[in-house]
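Here is the structure we will look at, set down as structure tokens.
The values are calculated or read from the model by the stated rules, or taken from the named source; none is laboratory data. Just so you know, these numbers come straight off a predicted model, no measurement behind them. No Cβ is skipped: glycine too gets one built from the backbone with ideal geometry, and neighbour counts run over all protein chains shown. Please note that ligands, DNA and RNA were not included when accessible areas were found on the heavy atoms of the full protein model with its side chains. Shrake-Rupley method; radii C 1.70, N 1.55, O 1.52, S 1.80 Å.
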Amino acid sequence: MLLPKRNEIEDEIMSSHHQNPGLEELRAARRQSRGLYWTVGLFSFFVNMLMLTGPLYMLQVYDRVLGSRSEETLVALSLLVAFLYGMMGLLDYARGRIMGRVGARFQAALDRRVFDAMIRRSAQAPDPAAQTGLQDLESVQRLVSSPVLMSAFDIPWTPFFLFGIMLFHPWLGYLAIVGGTVLIVITLFNQMFSRGPVAKAGVSTHRANLMSEEIRTEAETIQAMGMRGAAFARWKVARDASLGQNVQAADVGGTFTSMTKTLRMFLQSAMLGLGAYLVLQNEVTAGGMIASSILLGRALAPIELAIGQWALVQRAMKGWNSLAELLTKMPEEDARTELPQPRAKMDVQSLTVVPPGDTRAQLRTVNFRVEPGQAVGVIGPSGSGKSTLARALTGVWRAAGGTVRLDGAALDQYGPDVLGQHIGYLPQRVQLFEGTIAQNIARLSGMPDAEKVVAAAKKAAAHDMIVQLPDGYDTRISAGGGRLSGGQMQRIALARALYDDPVIVILDEPNSNLDNEGSQALNDAIRVLKSEGKSVLIMAHRPAAIQECDMLLALDHGTVKAFGPKDQVLREVVVNHQALQKTAAMGGVR
């Protein structure tokens, strides 16, 4: 397979100052196959020239062979025609294979770029352009590899075939030109009238598919709470809307396809009828009549193919525009200079965070510092900004103001993958992935480092629980954890956060699904991290989660209410301080 050199694509992009960077990226990737397009164009020239084989053969048979009754001439012509058709088939096959590789080359050039943009955009805020990014790329690739794009190389030869018909007789040429013009007008009307229904059908189908996936994911809750009827009714509304829009789009497209097919068949017969009349008038030979009919079919074939496959063209056009929008919103990240292993020291300076898609700051001028070997608890009522702070500290959400520094360097000085190695993260909503437990702990690595996997599991006090499973670390789980309990998933996710020895670990509600034993294991893991000089930040509601914390940060409505030693902050912001201390000292009774 022919693959582009990445630096060539980057040079193409850097050399252009287009107003739409995403569109220029797509064009730069397409330009990598410019030479192959020219090759396909050259092959198309010979293919279309060889398309004259049939009309010329019929012309010779009717006008020379039948008149001379020469079997030798018929055999010679037939052998020549067989050779020419063989060459035409070989060239047509070759250009099809080339276009297939052009499509694969285009997709391979942008796979990583679109994937990264999709992940970054989806992590920030829901965006339809991000959700369908890879599907849009695949739709463009399918168009490039399809016969309909090759018809674009054949359509320029249509005037030559019409001119060839004109050589037999002007009336035949006029009929062909009028018919071709009508077909082109139908193509334009097809584009105008089908664009809206096809777009609506795509949106409705996407919405119905998302809803069905959501219902499938939450099947256990739906089954347990008797929600099947209500869930079906809700999905049926989206499904009916999708079916209605698709039927409307199919009706519009089918109408124009039927018109095209009917008109082309009528033109073929009309050409024969007019040709027969001209033969009777001794103005055209019988061979010319048959040859004109064949040439007309060849001239109109690519137009009919384009109309018949117009849904594929529209889907690719929509995908192209969506990709351009996505890549423009998520420009390619610059390469960062590799920094040394940071210390477990984090400075948050005047941090202000506005959630993507929102206009109101969720956090405002937050200041605090985390030193090596410290555990800092972040407390506050629901909606105070604890999870927002966790997303900002991991680099998922960018700061609208202020900075977050890891050992003196701002977070954006680290590449995303590098930053993930230094900062372990346990989100509030745990999500596991299809694969083995070892692969999940190793952050989806295809070949997990067994020593690091086991070390992380032991540090998270999950090793004993994992080895009791049917296949231990090689137990395969489905997306979402399958049959694992919420507590088991949370301990595996904690091991994932501790994998590869990060210097700072951020835990968002880490004991929300843990029992007393799990909470104690969590506190043991925090003590081990502190003893190793690592830092831990814990967003917590429950007293047990802050048992090992040295410092507390209290948030209220997105602002810092207090920050300092745990006992001091508790006295300042918690009314039931003594009861809370007693509960925490008991080891986290739920």
Which residues qualify? For LYS534, with a placed amide H closer than 5 Å and at least 5 residues away or on another chain, they are GLY373
On the accessible surface of the chain, probed at 1.4 Å with all protein chains in place, carbon and sulfur together account for a percent value of 59
PRE zone check, label point 7 Å out along Cα-to-Cβ of ILE184, amide N under 17 Å, scope segment 282-313, hits 296-307
Hits in segment 297-320: amide N under 20 Å from the 7 Å Cα→Cβ extension of TYR85, namely 297-302
With label points set 7 Å from each Cα along the Cα-to-Cβ direction at ARG97 and SER485, the distance between them in nm comes to 5.9
For the chain, percent of DSSP beta bridges that are antiparallel (nearest 5) comes out at 55
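Note the full-extension length gain between HIS541 and VAL75 as 0.36 nm times their separation in residues minus their Cα-Cα distance, in nm to one decimal.
Full-extension gain reported as 158.6 nm.
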Expressed in nanometres to one decimal, the distance between label points 7 Å along Cα→Cβ at LEU42 and MET166 is 3.0
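Considering the convex hull of the alpha carbon atoms of segment 303-371, report its projected area averaged over all viewing directions, in nm², one decimal. Present the calculation step by step, with values, prior to reporting the outcome.
Working: hull surface 36.9 nm².
One quarter of the hull surface, i.e. the mean projection, equals 9.2 nm².
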Spelling it out for ALA562: with amide H atoms placed in the peptide plane at 1.01 Å from N, the residues 5 or more places away or on another chain with amide H under 5 Å from its amide H are ALA554
Over 31 Å (Cα to Cα) among LYS236/LYS329; LYS329/LYS452; LYS200/LYS261 -> LYS236/LYS329; LYS329/LYS452
Over all viewing directions the Cα convex hull of segment 36-91 casts an average projected area in nm² of 3.6
Inter-part gap, Cα centre of segment 59-111 to Cα centre of segment 163-203, in whole angstrom, is 26
The computed P(r) of segment 338-483 puts the percent of Cα pairs beyond 21 Å at 54
In the chain, taking the dipole from +1 charges on Lys and Arg beta carbons and -1 charges on Asp and Glu beta carbons about the Cα centre, the listed residue (ALA76, ALA545, ALA525) farthest towards the positive end is ALA545
If the chain between ALA335 and SER531 were fully extended at 0.36 nm per residue, the gain over the current Cα-Cα distance would be 67.1 nm
Taking only the Cα positions of segment 258-343, the convex hull volume per residue in Å³ is 160
Quick calc, ARG571 & ASN209: beta-carbon distance into FRET formula, R0 56 Å, rounding 0.05, result 0.55
Summed over the other residues with a beta carbon less than 15 angstrom from that of PHE256, with K and R at +1 and D and E at -1, the charge totals +1
Sequence order, segment 31-36: Karplus ³J(HN,Hα) from phi using 6.51 cos²θ - 1.76 cosθ + 1.60, θ = phi - 60°, Hz rounded, Gly and Pro as x, gives 5, 5, 9, 4, x, 5
Between the modelled labels at THR352 and ALA224 (7 Å from Cα along Cα→Cβ) the distance in nm is 4.3
Residues whose modelled amide H sits under 5 Å from the amide H of THR475, counting only those 5 or more places away in sequence or on another chain, are ILE437, ALA438
Relative to the compact-globule estimate 2.2 N^0.38 Å (N residues), the Cα gyration radius of the chain stands at a ratio of 1.37
Eigenvalues of the alpha-carbon gyration tensor of segment 199-278, times 5 and square-rooted, give semi-axes in Å, largest first, of 50, 9, 9
For segment 336-399, the per residue accessible area (1.4 Å probe, Å²) is 46
For THR205, the accessible surface traced by a 1.4 Å probe with all protein chains present amounts, in square angstrom to the nearest 10, to 40
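When ligands, DNA and RNA are left out and all protein chains stay put, how many square angstrom of accessible area per residue does segment 109-246 have with a 1.4 Å probe?
The answer is 55 Å² per residue.
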With x for Gly and Pro, the residue-by-residue ³J(HN,Hα) of segment 448-456, computed from phi through the Karplus equation 6.51 cos²θ - 1.76 cosθ + 1.60 at θ = phi - 60° and given in whole Hz, is x, 6, 4, 5, 5, 4, 5, 4, 5
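What FRET efficiency comes out for ALA276 versus ILE177 if R0 is 25 angstrom and r is the Cβ-Cβ distance? Round to the nearest 0.05.
With a Förster radius of 25 Å, E is 0.80.
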Rounded to 0.05, the calculated FRET efficiency for the beta carbons of ARG34 and PHE232 at R₀ = 51 Å is 0.50
